[in-house]
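A.B. asks: This is the structure, below, for whatever I ask next.
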Amino acid sequence: MKPLSTSAPTLTLAFALLGTFAGCTLAPSTGEKQARASVAQVGETLRPARAKPVLPALTPESPLTDYVRFAVLNHPRVEAAYHDWRAAVAAIAPTRALP
């Protein structure tokens, strides 16, 4: 039986492909899972059941925390920042995927 002969370019290409795909991971990392959990938790606070939350009724006797909660939950920039963060976390998986 004759030994199988392969050319140097073929071997180089085979090892390059093997090296390229050896380090690919398709499973979500713990950081990605943690980011998704954080987005979900904040989303439930900002928009419970995907609806605008009930804002606290403000009175002169209301504590400062009620005023801050009202301002944060009612400010459009806070909601926009949340949606930007959610989109960035959602973009992790396609970025991590193979081309």
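A.B. asks: Subtracting the Cα-Cα distance from 0.36 nm times the residue separation, let me have the gained length for L64 to R77 in nm, one decimal. Mind showing how you got there, number by number?
C.D. replies: Numbers: separation 13, 0.36 × 13 = 4.68 nm, distance 2.05 nm.
Going from the current span to full extension adds 2.6 nm.
A.B. asks: May I pose another question? Hey, rough spin-label estimate for V42 and T30, points 7 angstrom out along Cα→Cβ, what's it come to in nanometres?
C.D. replies: The modelled label-to-label distance comes out at 2.2 nm.
A.B. asks: Another one. Quick one: what are the phi-derived ³J(HN,Hα) couplings along the range 72-81, Karplus 6.51/-1.76/1.60 with θ = phi - 60°, whole Hz, x for glycine and proline?
C.D. replies: Result, rounded to whole Hz: 5, 6, 9, 8, x, 5, 5, 5, 5, 5.
A.B. asks: In Å², and per residue, what accessible area does the range 32-72 have when probed at 1.4 Å with the other protein chains present? Walk me through the intermediate numbers first.
C.D. replies: On the way: 3060 Å² over 41 residues.
Value returned for the range 32-72: 75 Å² of accessible area per residue.
The values are calculated or read from the model by the stated rules, or taken from the named source; none is laboratory data. Because the structure is a prediction, the values reported are computed rather than measured. With ideal geometry, Cβ positions are generated from the backbone for all residues, glycine too; neighbour counts draw on all protein chains shown. What goes into the accessible areas is simple: the full protein's heavy atoms, side chains included, and nothing from ligands, DNA or RNA. Shrake-Rupley method; radii C 1.70, N 1.55, O 1.52, S 1.80 Å.
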